[in-house]
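The values are calculated or read from the model by the stated rules, or taken from the named source; none is laboratory data. None of these values were measured; they are calculated from a predicted model. Using ideal geometry, Cβ is built from the backbone for each residue, glycine included, and neighbour counts are taken over all protein chains shown.
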Amino acid sequence: MLTMAALFAAVSVFAQSSKDRLSELEQATVEEDTKPAKEEKEYRLFDVNVVSEVGFGWQFVKEDQFAQGLKGNKSSEFYFNLLELSFNPTKWTSVTLGANLDWTDYAVGPSNYFHGVPDGDSRKMDLTPVASGMNYTSSKLHVFSIVVPAALDLHVGSISLRAGAEANFRLNSYANYAYRDGNNDLVTVKDSTPTGLDKFALDYFASLNLGFIGLYVKYFPQSISPAIPMHCFTAGIVLNTR
Amino acid sequence: MKRIAVALLLSIVVILPGQAQNFLKGKVLKIDMSDTVAEKGSESTPFTLDLGLPIGGFDGSKVSLLSLERALEKAAKDDDIAMVYLNYDKLSAGTAALEELRECLARFSAAGKPVIAYGAGLSNGSYYIASVADRVFMHPKGSGTLNGLGTTQFFLKDLLDTLGVEVQLIRHGKFKSAGEMYIRNSMSPENRRQYEELEESVWSCMVEQMAASRGIKTEDLRGWIAGLELGTANTWMEKGLIDGLKYKDELEQYICHLFGTTDPDKVGRVDIREYASKVKAGSGDKVAVLYADGEIAREGNQIAGEKFAREVEKLRKDESVKAVVFRVNSPGGEVVAADIIRREIELLGKEKPVIASYGAYAASGGYLISAGCRKIIVDNATLTGSIGVFGMIPNLGGAVKKLLKVNVETVGTDPHAGMGNLFQGLNEQEQAWYQKEIEGIYSDFVNVVVNGRGMTYEQVDEIAQGRVWSGKDALVNGLADERGILLDAIKAAASEAGLSKYKVVTYPQQKSFMKAMREDSRKGKDLPLVNTLTEPGFKAMALMPFVTFDPEIAL
């Protein structure tokens, strides 16, 4: 009996003509809708975005390298996306290629600092122990790179997951250190020794976004430079305008 | 009995609450009839890369009928599409295209999804398509009328006589009216009868469909049309031909109401051109849609005989193509070119199923090239038949003498050396020769139809004589098999080939702008005009017979 009722109901609903349905809807009461509309992104097969992402993160090192003294909470990264091209084979997936500008600082201390040391006829950057008696404060390695990420995106509604690899082209790097002098004034010294960083590095990254905000992680399988054997991973916050 | 009653009661309990909250969910699919609907859609533009990908998105100038039909078919099953909104102003489509779109909208509506039509001006074509909608609204100050179909023809005999130009028309088929404009000052009785019956056939179909959609009697509607009783929006409303008068903002609110909201931003919309661009072609073996769109000639940009035949040959040799829909939209053209194509279609038909689907015209040469197809599917409004041949020789001798004071004389080795010369007409013997040629071509044409349609010579001859038939009448007299739209022809072709899954690919395939430029620069041949101005070319043109139907029935 219940089956018959359900069958009859189903047939009645689905057999309803569009005219009958319209007549019913025209009679229905609709209350004033004050809730703002959700912005739905238009689906396009190809998409181009400019300055679609800004990220800020902190560097961490693998535990066995803590002796190197990389200070996670002072080592930071800031990047923003210049241009992003995405191919969207479906409404929920994308393959993206981008170009980011990236500024990364590696901070070390308190027992080591970035300092140029003799290397034959020239000098090279190294992590050297702080001289005793030196009221050393901090030392940072500043790196500016153009980063080309290639990623696969999965997005459902306002949640998106992105993962991929990035090619880092290090265009400029230098180190500095700071200490307090006899008058307790803070002195910053920029060391002009070539940092010896590899011009190219690869990292892997992933991010999870909810709406315009998300979290990201990055991992560099290679060390920063042959002289500075630190493998870092970065975790941070990303804001996006997609 | 008791159990049935309880079951019914229970089902009502289940249905009623569900129905009350059954607002539309999804998007509005917008169709703007001012966008030109073409057979093939947009040609390659300067912005089309060799990859075939357009830069900057969809070219909105023209959209193909096939893509619209496939879009509506998909939309009927797509949960993301809730309804169709049709703007019927500034209509830009022919009768047959409208008939096919109307059919697609009817199928969409039959899937339980509403179609709303709106505009400010109604005419034959726009009301024909709008009337299929579940609700037809009009701007309160809108107007328009239905006045039936008509053809306007011009006759140039008096003008040509004044100029001193004589035209000799050699034809077979008392209804073969192409060329009459040069030799008469009015319609021949046969031509008049032909057009009256043709227009009545097409129009009566249209009126019946419009009346049926609105639930009114056909006789009543014909009476209003004949009495010019339709004009302002109120008159349409009084007759029950539309459902309401609304301003644009009121219509917006009405549509929002259907979606259970008062905020227009909460009602998603998608244009059918954009939606159509995302409809996938399918997967698996191919069903080719081969377009023969335009006039048939030896060379040129429309249906060029040899060039088109090579495309057909490619299809025959392409093993991934399992079936072909031959979409014909041609009033015909030059005999030899038409026969070259017919032969290739015949060879193709021996290896794969070929289903002919007719658009606005498949007349004369357009019918010749497709008569041998396995099945012919037409619209009611298709103009077909016109099985007849004519040739036309202008004699400009009198004109150049009268207007330019130029006298022309011809000297030749043989009595008929000057035959085909545009400055002297055909003498009696030459006319008889030409008539015999025309009769021969006519006989060949009829035999093509006999073989293709499985009819006798006498049966075909009776309905030939150059007479044009509507698709509806062609179904009765045996020139066509079924009524259907292009999508139906594709399904029929797939079925003939035993395909349950297939990919639809159109031919000839559009070249990108860069490829077309490269090919044209490599050809380096003379323009057709240069060819025809040379002596041998001129003569060949002058004596060339045609299988063409002309002119057009206006909406």
**Item:** Filter pass, residue B:232 being of a type in the set (Ser, Thr, Tyr) and closer than 28 Å to residue B:148 by Cβ
**Value:** yes
**Request:** Please specify each residue of region B:177-191 satisfying the condition of being part of a helix (DSSP H, G or I) and surrounded by 14 or more Cβ atoms within 10 Å (Cβ to Cβ).
**Result:** B:180, B:181, B:182, B:183, B:190, B:191
**Item:** Test: residue in region B:429-449 that is of a type outside the set (S, T, N, Q) and assigned to a loop (DSSP other than H, G, I, E, B)
**Value:** no
**Prompt:** Is it the case that region B:187-203 has a residue that's touching a Gly at 6+ places or on another chain (Cβ under 6 Å) and over 29 Å from residue B:396 (Cα atoms)?
**Reply:** yes
**Message:** If the requirement is being within 9 Å of chain B (Cβ to nearest Cβ), at pLDDT below 75 and within 30 Å of residue B:243 (Cβ to Cβ), which of these qualifies: A:12, A:18?
**Reply:** A:12
**Complete:** Residue count, region B:101-139, condition within 13 Å of another protein chain (Cβ to nearest Cβ) and of a type in the set (D, E, K, R), comes to 4
**Message:** Looking at region B:395-416, I want the residues that are in contact (Cβ under 8 Å) with a residue 24 or more places away in the chain and have a partner that is of a type in the set (D, E, K, R) with Cβ atoms under 7 Å, at least 6 apart or on another chain. Which pairs are those?
**Reply:** B:395/B:166; B:398/B:166
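Of the residues B:161, B:78, which is without any contact (Cβ under 8 Å) to a residue 60 or more places away in the chain, of a type outside the set (Gly, Ala, Ser) and within 14 Å of another protein chain (Cβ to nearest Cβ)?
B:78
Could we say that residue A:64 is away from chain B (no Cβ under 11 Å), surrounded by fewer than 19 Cβ atoms within 10 Å (Cβ to Cβ) and either farther than 30 Å from residue A:235 by Cβ or at pLDDT below 85 (or both) here?
Values: away from chain B (no Cβ under 11 Å): yes; surrounded by fewer than 19 Cβ atoms within 10 Å (Cβ to Cβ): yes; either farther than 30 Å from residue A:235 by Cβ or at pLDDT below 85 (or both): yes.
Yes, satisfied.
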**Message:** Looking at region A:128-141 only, could you name the residues that are in a strand (DSSP E or B) and surrounded by fewer than 17 Cβ atoms within 10 Å (Cβ to Cβ)?
**Reply:** A:128, A:129, A:137
**Among (1) surrounded by fewer than 18 Cβ atoms within 10 Å (Cβ to Cβ); (2) part of a helix (DSSP H, G or I); (3) at pLDDT 50 or above, the one test that residue B:493 misses** = (1)
**Asked** Would region A:115-127 turn up any residue that is among the aliphatic types (A, V, I, L, M), surrounded by 13 or more Cβ atoms within 10 Å (Cβ to Cβ) and assigned to a strand (DSSP E or B)?
**Response** yes
**Message:** So if I check each of B:258, B:241, B:228, B:245, which one is surrounded by fewer than 15 Cβ atoms within 10 Å (Cβ to Cβ) and aliphatic (A, V, I, L, M)?
**Reply:** B:228
**Message:** Considering only region A:197-211, I want to know if a residue exists there that is closer than 20 Å to residue A:113 by Cα, out of contact with any Asp or Glu (no Cβ under 6 Å at 6 or more places or on another chain) and in contact (Cβ under 8 Å) with a residue 12 or more places away in the chain.
**Reply:** yes
**Message:** Of all residues being hydroxyl-bearing (Ser, Thr, Tyr) and within 25 Å of residue A:80 (Cβ to Cβ) in region A:90-114, which is surrounded by the fewest Cβ atoms within 10 Å (Cβ to Cβ)? Just the residue, please.
**Reply:** A:93
**Prompt:** Can you name the residue in region B:309-365 that is among the acidic types (Asp, Glu) and over 19 Å from residue B:66 (Cβ atoms) and, of all such residues, is surrounded by the most Cβ atoms within 10 Å (Cβ to Cβ)?
**Reply:** B:334
